[in-house]
Structures are given as structure tokens and as C-alpha cells.
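Enquirer: Attaching a single structure in C-alpha cells format; questions to follow.
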Amino acid sequence: MRCFSPVLLFLLTFSPLNYAATTAQLETARDKALAYLILQQNGDGSFGKQTELRVRTTSEALQTLARYGMAQSHAAKAAKSWLVNRSVQSIDSLAHSIKALVSVGASPS
């Protein structure tokens, strides 16, 4: 009978391959994350609590919604409307807004 070292047995038993998520588990996690994101949306369509970061936060949230096929959702449309109607105070905010608007197929003008 052949003996295996305790280290080898440990590696075989607790290999990362044993913990790989299935496609269904990944899809469920993604759906839960998107639902959580939408629940964080403010009543005015923006995302985030800090006023000075709302343009950036809303832009990132809108890009995330677009990336996962939700560009036409109510949440995305509300965020898009908020960004379009917001006057930006910096080049950074303008760049984030343009990037987000383009991600949902809107004209950034």
C-alpha cells in the first residue's frame, strides 16, 4: 500500500478546483449584485450619497447596467436622464458622464 504525504492529501482535498463556481451560481450572483445596485439608486435617478461624487458614481452604475444588458431598464433610463440634466463642474465629471452616456447609446452632447 502506498502512503501519500499529508501535504499532498491536503492539496488534493482542498484544491481550488473543488470550489469553482458553476455558471448558474455566477449568473445568480450577478443578478443579485445588479438587484442590489438598483436598490441603491436615489429617487432622482442618481447613485451615491456624497453629492460631490454623484456624477462619477452614477456614471459607473450606468455603465455597469449597460454592460449587463440593462441599458433599457427603468434604472438605466433614470440614471441617464439625471446625467443629461446635470451640469458638470469638472473635466473629470464630464469625461465620466460622456463615457456612461455612450455606453447606453446616448449622444453626449
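Bear in mind that the values in this text are calculations on the coordinates, not laboratory data. As the structure is a prediction and not an experimental result, all values here were calculated from the model. Every residue, glycine among them, receives a Cβ derived from its backbone with ideal geometry; neighbour counts consider all protein chains shown.
Enquirer: Provide Rg over Rh for the range 39-90; use the alpha carbon set for both Rg and the Kirkwood Rh (inverse mean inverse pair distance).
Expert: Checking Rg against Rh, the ratio lands at 0.94.
Enquirer: Taking 0.36 nm per intervening residue step and subtracting the Cα-Cα distance, what contour gain separates residue 30 from residue 91 on full extension?
Expert: 18.8 nm
Enquirer: Simple spin-label model, 7 Å along Cα-to-Cβ: residue 84 to residue 53 in nm?
Expert: 2.8 nm
Enquirer: Using 0.36 nm times the number of residues separating residue 68 and residue 44, minus their current alpha carbon distance, what extension gain do you get?
Expert: On the way: separation 24, 0.36 × 24 = 8.64 nm, distance 2.22 nm.
Taking 0.36 nm per residue and subtracting the Cα distance, the gain is 6.4 nm.
Enquirer: Packing-wise, with mean Cβ within 10 Å as the measure, how do 40-50, 83-93, 62-72 rank, highest first?
Expert: Averaged packing, sorted descending, gives the order 62-72, 40-50, 83-93.
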